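Colleague: Below is the structure I would like to discuss, written out as C-alpha coordinates.
The values are calculated or read from the model by the stated rules, or taken from the named source; none is laboratory data. Keep in mind it's a predicted model, so treat the numbers as computed, not measured. Here Cβ is always computed from backbone atoms with ideal geometry, including for glycine, and neighbour counts include all displayed protein chains. When the accessible area is computed, the model is the full protein with side chains, heavy atoms only, and any ligands, DNA or RNA have been set aside. Shrake-Rupley method; radii C 1.70, N 1.55, O 1.52, S 1.80 Å.
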Amino acid sequence: MKIDILTLFPQMFQGPFRTGIFQRAIDRKLVGVNIHNIRDYTHDKHHTVDDYAYGGGAGMILKPESIFEAVESIKPDISIEEKDDELPVILLTPQGRLFSQEIALELSKYSHLIFICGRYEGVDERVREHLVTDEISIGDYVLSGGELAAMVMVDAVVRLLPGVLGSEASSLDDSHSNGLLEYSQYTRPAVYREWAVPEVLLSGNHAQIAKWRREQAIIRTLERRPELLDKANLNLEERRLINRLSTSSYAREYKGQNWLNK
Ligand code: ADE
(Lines give C-alpha, C1' and ligand atoms only; values in the text may rest on other atoms or scores of the structure.)
Protein backbone atom coordinates (compact mmCIF):
# COMPACT_ATOMS: atom_id res chain seq x y z
CA MET A 1 0.00 0.00 0.00
CA LYS A 2 1.18 3.48 -0.84
CA ILE A 3 0.22 6.31 1.53
CA ASP A 4 0.75 10.00 0.82
CA ILE A 5 0.17 12.53 3.57
CA LEU A 6 -0.12 16.28 2.93
CA THR A 7 0.70 18.42 5.93
CA LEU A 8 2.16 21.73 7.04
CA PHE A 9 4.04 19.93 9.82
CA PRO A 10 5.99 17.02 8.30
CA GLN A 11 8.20 16.80 11.38
CA MET A 12 5.22 15.53 13.39
CA PHE A 13 5.41 12.26 11.45
CA GLN A 14 9.04 11.51 12.32
CA GLY A 15 8.36 9.32 15.36
CA PRO A 16 5.23 7.23 14.91
CA PHE A 17 6.16 5.63 11.60
CA ARG A 18 9.65 4.74 12.74
CA THR A 19 8.69 2.31 15.49
CA GLY A 20 7.49 -1.22 16.04
CA ILE A 21 5.28 -2.97 13.54
CA PHE A 22 5.11 0.13 11.40
CA GLN A 23 8.85 0.28 10.81
CA ARG A 24 8.81 -3.44 10.07
CA ALA A 25 6.00 -2.98 7.53
CA ILE A 26 8.02 -0.24 5.83
CA ASP A 27 11.22 -2.33 5.88
CA ARG A 28 9.37 -5.24 4.32
CA LYS A 29 7.92 -2.90 1.70
CA LEU A 30 4.36 -3.79 2.70
CA VAL A 31 3.67 -0.07 2.96
CA GLY A 32 5.38 3.06 1.71
CA VAL A 33 4.61 6.38 3.37
CA ASN A 34 5.47 9.73 1.77
CA ILE A 35 5.04 12.92 3.73
CA HIS A 36 4.55 16.07 1.62
CA ASN A 37 4.95 19.57 2.94
CA ILE A 38 2.06 21.63 1.50
CA ARG A 39 4.32 24.68 1.72
CA ASP A 40 6.61 23.14 -0.91
CA TYR A 41 3.80 23.61 -3.45
CA THR A 42 3.53 27.38 -3.06
CA HIS A 43 5.02 29.77 -5.62
CA ASP A 44 5.27 33.08 -3.78
CA LYS A 45 8.29 34.38 -1.93
CA HIS A 46 6.69 33.88 1.49
CA HIS A 47 5.35 30.38 0.78
CA THR A 48 1.86 31.47 1.75
CA VAL A 49 -0.48 28.61 2.52
CA ASP A 50 -3.35 30.43 4.20
CA ASP A 51 -5.34 33.64 3.93
CA TYR A 52 -8.21 35.54 5.56
CA ALA A 53 -11.74 34.24 5.11
CA TYR A 54 -13.91 35.98 2.51
CA GLY A 55 -16.77 37.62 4.36
CA GLY A 56 -14.66 38.14 7.47
CA GLY A 57 -14.32 36.17 10.66
CA ALA A 58 -11.47 35.13 12.88
CA GLY A 59 -8.85 32.67 11.73
CA MET A 60 -7.03 31.77 8.60
CA ILE A 61 -8.20 29.44 5.86
CA LEU A 62 -5.91 27.06 3.98
CA LYS A 63 -5.72 28.20 0.36
CA PRO A 64 -6.70 25.76 -2.36
CA GLU A 65 -3.81 26.12 -4.84
CA SER A 66 -0.99 24.34 -3.01
CA ILE A 67 -3.26 21.53 -1.83
CA PHE A 68 -4.51 20.89 -5.39
CA GLU A 69 -0.98 21.02 -6.75
CA ALA A 70 0.36 18.65 -4.11
CA VAL A 71 -2.34 16.07 -4.89
CA GLU A 72 -1.84 16.54 -8.65
CA SER A 73 1.87 15.91 -8.26
CA ILE A 74 1.10 12.64 -6.50
CA LYS A 75 -1.32 11.44 -9.15
CA PRO A 76 -0.27 13.37 -12.25
CA ASP A 77 -1.89 11.02 -14.73
CA ILE A 78 -5.37 11.29 -13.25
CA SER A 79 -7.68 14.16 -14.09
CA ILE A 80 -8.66 16.03 -10.95
CA GLU A 81 -11.93 17.03 -12.64
CA GLU A 82 -13.17 13.48 -12.52
CA LYS A 83 -12.92 12.29 -8.97
CA ASP A 84 -11.22 8.96 -8.94
CA ASP A 85 -13.00 6.29 -6.93
CA GLU A 86 -9.89 4.13 -7.00
CA LEU A 87 -7.81 6.59 -5.05
CA PRO A 88 -9.36 7.93 -1.86
CA VAL A 89 -8.32 11.51 -1.13
CA ILE A 90 -9.22 11.85 2.54
CA LEU A 91 -9.56 15.15 4.37
CA LEU A 92 -9.15 14.85 8.14
CA THR A 93 -11.75 17.08 9.72
CA PRO A 94 -14.05 17.02 12.75
CA GLN A 95 -16.91 17.37 10.23
CA GLY A 96 -16.17 14.02 8.57
CA ARG A 97 -17.78 10.63 9.00
CA LEU A 98 -16.71 8.97 12.23
CA PHE A 99 -13.70 6.66 11.90
CA SER A 100 -14.24 3.05 12.94
CA GLN A 101 -12.70 -0.39 12.55
CA GLU A 102 -15.12 -0.94 9.67
CA ILE A 103 -13.72 2.11 7.84
CA ALA A 104 -10.16 0.97 8.61
CA LEU A 105 -10.98 -2.36 6.97
CA GLU A 106 -12.61 -0.62 4.01
CA LEU A 107 -9.51 1.57 3.48
CA SER A 108 -7.11 -1.36 3.91
CA LYS A 109 -8.43 -2.77 0.62
CA TYR A 110 -7.03 0.11 -1.46
CA SER A 111 -3.52 0.08 -2.87
CA HIS A 112 -3.08 3.84 -2.46
CA LEU A 113 -4.46 6.44 -0.04
CA ILE A 114 -3.95 10.21 0.15
CA PHE A 115 -4.53 12.08 3.42
CA ILE A 116 -4.86 15.84 3.66
CA CYS A 117 -4.29 17.26 7.13
CA GLY A 118 -6.26 20.44 7.71
CA ARG A 119 -4.96 23.18 10.00
CA TYR A 120 -5.93 26.64 11.16
CA GLU A 121 -9.62 27.46 11.03
CA GLY A 122 -10.41 25.42 7.97
CA VAL A 123 -9.80 24.55 4.37
CA ASP A 124 -11.14 26.38 1.33
CA GLU A 125 -14.44 24.71 0.42
CA ARG A 126 -13.29 24.06 -3.18
CA VAL A 127 -10.82 21.50 -1.83
CA ARG A 128 -13.78 19.65 -0.32
CA GLU A 129 -15.93 19.98 -3.40
CA HIS A 130 -13.46 19.20 -6.17
CA LEU A 131 -10.53 17.29 -4.75
CA VAL A 132 -11.49 15.34 -1.69
CA THR A 133 -13.39 12.04 -2.02
CA ASP A 134 -13.93 11.39 1.69
CA GLU A 135 -13.92 13.38 4.93
CA ILE A 136 -13.15 11.56 8.16
CA SER A 137 -13.16 12.53 11.84
CA ILE A 138 -11.53 10.36 14.51
CA GLY A 139 -13.92 11.54 17.22
CA ASP A 140 -16.23 14.26 18.41
CA TYR A 141 -13.53 16.61 19.66
CA VAL A 142 -11.38 19.21 17.95
CA LEU A 143 -7.66 18.67 17.44
CA SER A 144 -5.28 21.45 16.41
CA GLY A 145 -4.98 19.80 13.03
CA GLY A 146 -5.49 16.60 11.09
CA GLU A 147 -1.96 15.24 11.67
CA LEU A 148 -2.68 13.19 14.80
CA ALA A 149 -5.91 11.97 13.21
CA ALA A 150 -4.00 10.85 10.10
CA MET A 151 -1.51 8.97 12.29
CA VAL A 152 -4.34 7.22 14.12
CA MET A 153 -6.00 6.20 10.86
CA VAL A 154 -2.80 5.10 9.14
CA ASP A 155 -1.88 2.99 12.17
CA ALA A 156 -5.31 1.32 12.25
CA VAL A 157 -5.23 0.64 8.49
CA VAL A 158 -1.64 -0.59 8.19
CA ARG A 159 -1.94 -3.19 10.94
CA LEU A 160 -4.74 -4.78 8.90
CA LEU A 161 -2.56 -5.27 5.81
CA PRO A 162 -1.65 -8.89 5.15
CA GLY A 163 1.72 -9.78 6.66
CA VAL A 164 2.06 -6.71 8.87
CA LEU A 165 1.18 -8.36 12.17
CA GLY A 166 3.19 -11.36 13.35
CA SER A 167 0.39 -13.82 12.79
CA GLU A 168 -2.48 -13.42 10.34
CA ALA A 169 -4.93 -14.31 13.09
CA SER A 170 -3.87 -11.68 15.55
CA SER A 171 -6.05 -8.84 14.27
CA LEU A 172 -9.11 -11.11 14.06
CA ASP A 173 -9.55 -11.20 17.85
CA ASP A 174 -9.02 -7.46 18.26
CA SER A 175 -11.69 -5.42 19.97
CA HIS A 176 -14.16 -4.21 17.34
CA SER A 177 -13.00 -6.55 14.58
CA ASN A 178 -15.95 -8.89 15.18
CA GLY A 179 -18.24 -6.20 16.55
CA LEU A 180 -17.33 -7.11 20.15
CA LEU A 181 -14.74 -5.88 22.62
CA GLU A 182 -11.88 -8.30 23.17
CA TYR A 183 -12.05 -10.91 25.96
CA SER A 184 -9.81 -10.60 29.03
CA GLN A 185 -6.23 -11.82 28.65
CA TYR A 186 -3.86 -13.32 31.23
CA THR A 187 -0.24 -14.43 31.31
CA ARG A 188 1.97 -16.01 33.94
CA PRO A 189 2.02 -16.27 36.93
CA ALA A 190 -1.14 -18.38 37.34
CA VAL A 191 -1.63 -16.77 40.76
CA TYR A 192 -0.44 -13.23 41.41
CA ARG A 193 -0.88 -12.06 44.99
CA GLU A 194 -4.15 -13.85 45.70
CA TRP A 195 -5.56 -13.33 42.19
CA ALA A 196 -5.83 -16.51 40.19
CA VAL A 197 -6.19 -16.81 36.42
CA PRO A 198 -9.60 -18.33 35.51
CA GLU A 199 -9.09 -22.06 35.64
CA VAL A 200 -10.60 -22.73 32.23
CA LEU A 201 -7.57 -21.02 30.67
CA LEU A 202 -5.28 -23.53 32.37
CA SER A 203 -7.44 -26.51 31.39
CA GLY A 204 -5.83 -27.07 27.98
CA ASN A 205 -9.32 -27.62 26.55
CA HIS A 206 -9.30 -25.41 23.47
CA ALA A 207 -13.00 -25.71 22.72
CA GLN A 208 -13.88 -24.66 26.28
CA ILE A 209 -11.35 -21.83 26.15
CA ALA A 210 -12.79 -20.53 22.86
CA LYS A 211 -16.31 -20.70 24.34
CA TRP A 212 -15.23 -18.89 27.51
CA ARG A 213 -13.48 -16.17 25.52
CA ARG A 214 -16.47 -15.62 23.29
CA GLU A 215 -18.72 -15.29 26.35
CA GLN A 216 -16.28 -12.93 28.04
CA ALA A 217 -16.21 -10.76 24.93
CA ILE A 218 -20.01 -10.64 24.95
CA ILE A 219 -20.17 -9.85 28.68
CA ARG A 220 -17.51 -7.15 28.41
CA THR A 221 -19.30 -5.57 25.47
CA LEU A 222 -22.61 -5.70 27.31
CA GLU A 223 -21.07 -4.01 30.34
CA ARG A 224 -19.08 -1.34 28.55
CA ARG A 225 -20.53 -0.74 25.10
CA PRO A 226 -23.98 -2.35 24.95
CA GLU A 227 -24.88 -0.43 21.81
CA LEU A 228 -22.29 -2.46 19.88
CA LEU A 229 -24.28 -5.65 20.47
CA ASP A 230 -27.03 -4.52 18.09
CA LYS A 231 -24.65 -4.87 15.17
CA ALA A 232 -22.63 -7.86 16.41
CA ASN A 233 -23.10 -11.19 14.71
CA LEU A 234 -24.53 -13.34 17.52
CA ASN A 235 -26.28 -16.69 17.41
CA LEU A 236 -29.49 -17.51 19.19
CA GLU A 237 -27.75 -19.01 22.20
CA GLU A 238 -25.62 -15.89 22.56
CA ARG A 239 -28.68 -13.64 22.29
CA ARG A 240 -30.28 -15.70 25.08
CA LEU A 241 -27.13 -15.30 27.18
CA ILE A 242 -27.39 -11.53 26.79
CA ASN A 243 -31.03 -11.60 27.85
CA ARG A 244 -30.13 -13.60 30.96
CA LEU A 245 -27.20 -11.34 31.76
CA SER A 246 -29.11 -8.11 31.27
CA THR A 247 -31.80 -9.15 33.69
CA SER A 248 -29.56 -10.18 36.58
CA SER A 249 -26.26 -9.61 38.27
CA TYR A 250 -25.26 -12.92 36.71
CA ALA A 251 -22.53 -11.28 34.61
CA ARG A 252 -20.15 -10.77 37.51
CA GLU A 253 -20.61 -14.31 38.83
CA TYR A 254 -20.31 -15.69 35.34
CA LYS A 255 -16.84 -14.33 34.90
CA GLY A 256 -15.40 -15.87 38.03
CA GLN A 257 -13.53 -19.00 38.93
CA ASN A 258 -16.55 -21.27 38.75
CA TRP A 259 -17.20 -20.96 35.06
CA LEU A 260 -16.27 -24.60 34.40
CA ASN A 261 -18.76 -25.82 37.04
CA LYS A 262 -21.66 -23.57 36.19
N1 ADE B 1 -8.94 17.82 12.78
C2 ADE B 1 -9.31 18.47 13.89
N3 ADE B 1 -10.06 17.70 14.69
C4 ADE B 1 -10.18 16.49 14.05
C5 ADE B 1 -10.83 15.27 14.35
N6 ADE B 1 -11.54 15.11 15.47
N7 ADE B 1 -10.75 14.27 13.47
C8 ADE B 1 -10.05 14.42 12.33
N9 ADE B 1 -9.42 15.54 11.98
C10 ADE B 1 -9.47 16.58 12.83
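Colleague: I'd like the GluC sites (Glu not before Pro) in the range 138-218 restricted to DSSP loop residues with at most 11 other Cβ atoms within 10 Å, sorted by number. Mind showing how you got there, number by number?
Modeller: On the way: sites: GLU147, GLU168, GLU182, GLU194, GLU199, GLU215; in loops: GLU182, GLU194.
Qualifying residues, ordered by number: GLU194.
Colleague: In addition: Would you count, across the chain, every pair of lysines whose alpha carbons are under 19 angstrom apart, provided the pair is eight or more residues apart or spans two chains?
Modeller: Taking the chain as the scope, the lysine pair count is 11.
Colleague: In addition: Calculated from DSSP H runs of 4 or more alone, at -39500 (n - 2.57) each and per residue, what is the 222 nm mean residue ellipticity of the chain, nearest 500?
Modeller: Values: 8 runs with 80 residues, N = 262.
Helices in the chain give a 222 nm mean residue ellipticity of -9000 deg cm²/dmol.
Colleague: If you don't mind, another one. Pairwise over distinct Cα atoms, reciprocal of the mean inverse distance: report the Kirkwood radius of the chain in Å, one decimal place. All intermediate terms of the calculation are to be shown ahead of the outcome.
Modeller: On the way: mean 1/r = 0.0465 Å⁻¹.
Final number for the Kirkwood radius of the chain is 21.5 Å.
Colleague: Between ILE209 and SER111, what is the label-point separation in nm under the 7 Å Cα-to-beta-carbon projection?
Modeller: 4.0
Colleague: Would you mind checking the tilt of helix 147-158 against the longest principal axis of the Cα atoms of the chain, expressed as 0 to 90 degrees and rounded to 10?
Modeller: 50
Colleague: Next question. State the extension gain, in nm to one decimal, for the chain segment bounded by GLN11 and GLU102, taking 0.36 nm per residue of separation less the distance between their alpha-carbons.
Modeller: 29.8 nm
Colleague: Separate question: Residues of the chain: accessible area per residue at 1.4 Å, in Å²? Walk me through the intermediate numbers first.
Modeller: Numbers: 15230 Å² over 262 residues.
Accessible area per residue: 58 Å².
Colleague: Please give the length that would be gained between LYS231 and ASP51 if that part of the chain were fully extended, namely 0.36 nm times their separation in residues minus their C-alpha to C-alpha distance (nm, one decimal). The partial results should precede the final answer.
Modeller: Numbers: separation 180, 0.36 × 180 = 64.80 nm, distance 4.45 nm.
Taking LYS231 through ASP51 to full extension adds about 60.3 nm, to one decimal.
Colleague: List the trypsin sites (Lys or Arg not before Pro) in the range 96-157 that DSSP assigns to loop (not H, G, I, E or B) and whose Cβ has at most 12 other Cβ atoms within 10 Å. Which are they?
Modeller: Numbers: sites: ARG97, LYS109, ARG119, ARG126, ARG128; in loops: LYS109, ARG119.
Passing sites in the range 96-157 are LYS109.
Colleague: Running Debye on the range 113-156 with equal point scatterers at the Cα sites and no solvent, what base-10 log of I(q)/I(0) appears at q = 0.20, 0.21 Å⁻¹?
Modeller: Debye intensities relative to I(0), on a log10 scale: -0.68, -0.74.
Colleague: Give the carbon-plus-sulfur fraction of the accessible surface of the chain in %, rounded to a whole number; probe 1.4 Å, heavy atoms of protein chains only.
Modeller: Values: 7720 of 15230 Å².
Answer for the chain: carbon and sulfur cover 51 percent of the accessible area.
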